[in-house]
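Every number here is computed from the coordinates shown, using simple stated rules; none is lab data. Quick caveat: nothing in here was measured; it's all calculated off a predicted structure. Note that we place each Cβ from the backbone using ideal geometry, even for glycine, and neighbour counts take in every protein chain shown.
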Amino acid sequence: MRLPTKEKWVWLVPLIILIILWQFIAVYVVKKPEILPSVTAVIFSFYELRNYILPDILVSLLHFAMGMTSAFAVALPLAIAMGWYDTVFKAVDPIVELIRPIPPLAWVPLAIAWFSLTHFAAGFIIFIGAFFPILIASYTGFRDVPKVLVETGKVLGCIGNRKLIRYVAIPYALPSIATGTRVGMGVAWMCVVAAEMFGVSKYGLGCRIFTKFFPWHQMDYVVAYMLILGLVALCIDRVFRHFVEGKLFKWKKGIVK
């Protein structure tokens, strides 16, 4: 069902209110740009930083892609094994539950020790952040495959675990895999700042915030890059939803548009 034209733009109302409140509080209440910069100062900082924004975004996206790709490549096969084979689940689940609560920031010393101050160290921290959401959601999807579907698959010729996984379990678990991937992407992007704040490269959104702007109390630049982080994350999420929910899972929308 298509929304009326007025409802499409309803999100602008709270956004405009937020911007007005922000400007008022920064200028007339706080009155200290080193604590809370005004909206106009942040907007002007985008122009001043125009030569740095694109290279920093590209480096951060490189780190994000390294971590997400490796997390998905490792988590999905492990999720299939844990979800389909009960013995594997019983053997691996205690290890997963032991390591999963450790925050990605706690892995920073090991990442630096193993990979030095390189792109791989940043990718490893992002890998840790994305791995467990993908793994948990995916193996839950595989474990929840109804027995009736498995028996039906066997009747229709899916003999053996390999065929059952390919033609029955994976299609059934795809929504869970997609959900875990989307959550993992959000966590991974939040880990970008933590991964880059230790100077793993000369560029990157997180690196610029913590090594260039914050030490000099340039809070208008800091807030500008915070907004860039949010906008890039929004774009990544919208692209993912367009191709996965809009294309791959088009059948879930039903026949009503």
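The table below gives the values:
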item: Residues of segment 207-241 with amide N under 18 Å of the 7 Å Cα→Cβ point at residue 27; result: 220
item: From phi via Karplus (6.51, -1.76, 1.60), per-residue ³J(HN,Hα) for segment 164-173 in Hz, x at Gly/Pro; result: 5, 5, 5, 9, 10, 5, 4, x, 5, 8
item: Value at 222 nm in deg cm²/dmol, rounded to 500, when DSSP H runs of n ≥ 4 in the chain each add -39,500 (n - 2.57); result: -22500 deg cm²/dmol
item: Modelled FRET efficiency - R0 25 Å, residue 74 with residue 235, Cβ distances, 0.05 increments; result: 0.45
item: For segment 15-23, Karplus couplings with θ = phi - 60° (6.51, -1.76, 1.60), whole Hz, Gly/Pro x; result: 5, 5, 4, 4, 5, 5, 4, 4, 4
item: Point-charge dipole on Cβ atoms (K/R +1, D/E -1) for the chain, about Cα centre, debye to 20; result: 960
item: Integer Hz, Karplus 6.51/-1.76/1.60 couplings in order for segment 48-60, x for Gly and Pro; result: 5, 9, 4, 7, 9, 4, 5, x, 5, 4, 5, 5, 5
item: Label point distance in nm, residue 159-residue 95, each placed 7 Å from Cα along Cα→Cβ; result: 3.4
